[in-house]
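So the structure is just underneath, and the comments pick up after that.
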Amino acid sequence: MSAKAKNRLTPQQRKATLTRVLGKIRPYSLFVVCSLIVAAVSVGAQLYIPILCGSAIDLMLGKGTVDFGGVMRIMIEVLVVAAAAALAQWLLSVCNNRITFLVSRDLRNEALRKIQTLPLSYLDSHPSGDIVSRMVADLEADWGFKVLDRSREGVVLSADGRQVMPAVEALCEEFTRLQRRVDEMRGLMRGKICIGTFSSVATHVLPPVIARFRADHPDVDYELLMGDYSEIEQWVAEGRCDLGFIPREPRENGMASRSLVRDELMAVVPADSLLATAEVVSLADLANEQFILLERGTDDEITPLFRRAGLTVCSKLSTWDDYAIMAMVEDGLGVSILPALILRRCQFDVAVRPLEGHPHRQINAIYRTADVSLAAARFLEYL
C-alpha cells in the first residue's frame, strides 16, 4: 500500500475532523453569519450588473434614438451596485480573516497548554516533541550554548542551562504577577469585594460609598462581614476580607491603614435625668452612675478613658449592640458613652451630650500591603 493511500482519511475520520472544525468555529458564529450574508450580497451584485448593462443597451435603439437620460440613470445604478459589491467583498475578507485568526489562535493556545502539561522525556520520545526540540534548538543557536543535555537516561539541564535558570524563573514569576494583575483587572469589571466592618460604619459610612462605586462598576458584588475589631483585622490579614474598618491602627504585620472618620464619643443619659440638662458631661459625672459598657469582644474603647482620668467605672451591664444600649438608657437602666456616628439616627428617647475634652476615636480603613487587589485599591479611592 502506498504512503498516499495510508494517509487517506476514512469517511468516519473526515466526518470527525469536520465536526471538530465546526466546534472550533461555533464560538464565532456571528462572523460566519456575517460572512454568508456579505457573500450573498457580493454575488447578487455581480450578477445584477450584466442585467443593468443589458437594460442600457436596450435604450440605444439606433442613431438619434438613444435615451441618454435613461442610460445615465442606469450607469449611476451600475456604479452604486459595483460599489456595494466591492464593499461586500471587503467585508467578506475581513470576516473570513477574523474567523481564521481566532480559530488558529484557539488551536495554538490549546496545543501549547497540552504541550506544557507533558514531561520533556515524553516530548522528546514522540513526534510532538519535534516542535519543542526545534524551539530549544533555535534558542540554543541564538544563545550560543546548549540548554539541555540529552542522553539515554533522559533530558536534564546543562551546566549553562542551570546558570540561566534563576533568570528564567524570575521571568516566569514576573509573568505570573502580570497574569495575576490581568485577572484582578478582570475582577474589577466582574468580581466581589469582601469588607470586614462593624455596625456604625456599615450603617452610616459604607452605603453612599458603595452607591458611588457601583455607579462606575455595576458588575461588582459586595459581601459585608460583621465582627469585633480583632476579628476584622484577622480576616483582612488572612485574606478572607479585601479590606476592613476598625477604630484604631492595625496590629498585625504587613498591614496598612487609611484615616477615614474622626468619630467623637458622646455621653448618652436618660432624657429625664439631671445630666440631660448639662451642656457638657464629665467622666466623673458618669462614673457615679450605673454605667452600660459598649464592649466588642476583647475591644473596649471606654474603660481606658476612665482609667486615664484616674476613675473607675461601675458597670454591671455590657453589650456589643449599640441600639440595645440606647434602649436600656431609655428605660433608665443606666448611662453610657457611644460614638456620634451611631447616634446619627437615634430614635430612642435619650439625651446626648458632649463629653468634657471631646474625646474621639479614629476610624481607619485597613488592608494588606503586599497583595491588595485592584478592586479593593480602587474602592479605597472612593472613601
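The table below gives the values:
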quantity	calculated
Filter result (part of a helix (DSSP H, G or I) and either in contact (Cβ under 8 Å) with a residue 60 or more places away in the chain or of a type in the set (Ser, Thr, Tyr) (or both)) within the stretch 256-285	Leu275, Ala276, Thr277, Leu283
Selection within the stretch 290-315 - out of contact with any strand residue (DSSP E or B) (no Cβ under 8 Å at 6 or more places or on another chain) and either small (Gly, Ala, Ser) or without any contact (Cβ under 8 Å) to a residue 60 or more places away in the chain (or both)	Gly297, Pro304, Phe306, Arg307, Arg308, Ala309, Gly310, Leu311, Thr312
Ala202 vs. criteria of a type outside the set (Phe, Trp, Tyr), part of a strand (DSSP E or B) and closer than 25 Å to Pro359 by Cα	no
Residue, nearest to Gly23 (Cα to Cα), within the stretch 92-102, restricted to residues that are in contact with a Ser or Thr (Cβ under 8 Å, 6 or more places away or on another chain) and not polar (S, T, N, Q)	Ile99
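Residues are listed down the side, and each one gets a yes or a no for (1) under 20 Å from Leu283 (Cβ atoms); (2) not assigned by TED's automatic domain parsing to the domain that holds Ile232:
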{"residue": "Val313", "(1), (2)": "yes, yes"}
{"residue": "Ser318", "(1), (2)": "yes, yes"}
{"residue": "Ala324", "(1), (2)": "no, yes"}
{"residue": "Ala351", "(1), (2)": "yes, yes"}
{"residue": "Asp371", "(1), (2)": "no, no"}
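The values are calculated or read from the model by the stated rules, or taken from the named source; none is laboratory data. All values reported here derive from a predicted model rather than from experimental measurement. Backbone-built Cβ (ideal geometry, glycine too); neighbour counts: all protein chains shown.
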